[in-house]
Amino acid sequence: MAFYCRRNGCATEDEDSPGKRFKLLDATLDSATFGPRWLSDPEIAAYTEYPILRGAELGRYELHAFVIMPNHVHVLLEPRLVLAKITGVMKGVAARDGNATLGRIGKPFWQDESFDHWVRNSAEFERIRYCIEWNPVSAKLVTKPGDWEWSSASRKFANARPISGCTFTSHAKAEEQNS
């Protein structure tokens, strides 16, 4: 069973569902013009990407999709450890290195809470993966998912060596090839 984790969405279409409210919140984050946008700095984004990829390489989870947006992160993974351990390491490494670069030693980097959701079926899994990889397009940051460097849909992974624990055969790449 896969797990979807979003730090700092994809939703059902029910007007009053938590998923619908989450999707609205995600759109608000995508259009934010104020507040911390540290992840828009390529150095800070790289500090955030490293523990996401490294955790998969170390076998802590199977990574299916991720995107690092200017002020939040989406991750779709299949955990092989307790989720708190996985997110603690991801958040801790990025916070330590990001704060050091920003001169914010010991200060909070991430919000305390995360939105965590167990994926219940393959249709939901594919919808979430699609939403994650197309998030930069929805936010009008790029016109194609492959153009966003900080994502599993990035062109940098298209011809790169395979990364152990990562499955980046995405809707985004298939759709880009078909367009």
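Any read-out appearing in this document is the output of simple, stated calculations on the displayed coordinates, not a laboratory observation. Small disclaimer: the values here were computed from a predicted structure and weren't measured. All Cβ positions, glycine included, derive from the backbone under ideal geometry; neighbour counts span all protein chains shown.
Observations, loosely collected:
- From least to most packed, judged by other beta carbons within 10 angstrom and beginning with the fewest, T48, T101, T167 follow the order T101, T167, T48.
- Residue order, fewest to most beta carbons within 10 Å, for H74, H117: H117, H74
- Each of I132, I163, I52 has some number of other Cβ atoms within 10 Å of its Cβ, and from fewest to most they run I163, I52, I132.
- Take each peptide in 67-73, 77-83, 152-158, 109-115, count the other Cβ atoms within 10 Å of every residue, and average; sorted highest first, the result is 67-73, 152-158, 77-83, 109-115.
- Checking the Cα-Cα distances for K85/K144; K107/K144; K85/K156; K85/K140 against a 30 Å cut-off, the pairs over it are K85/K144; K107/K144; K85/K140.
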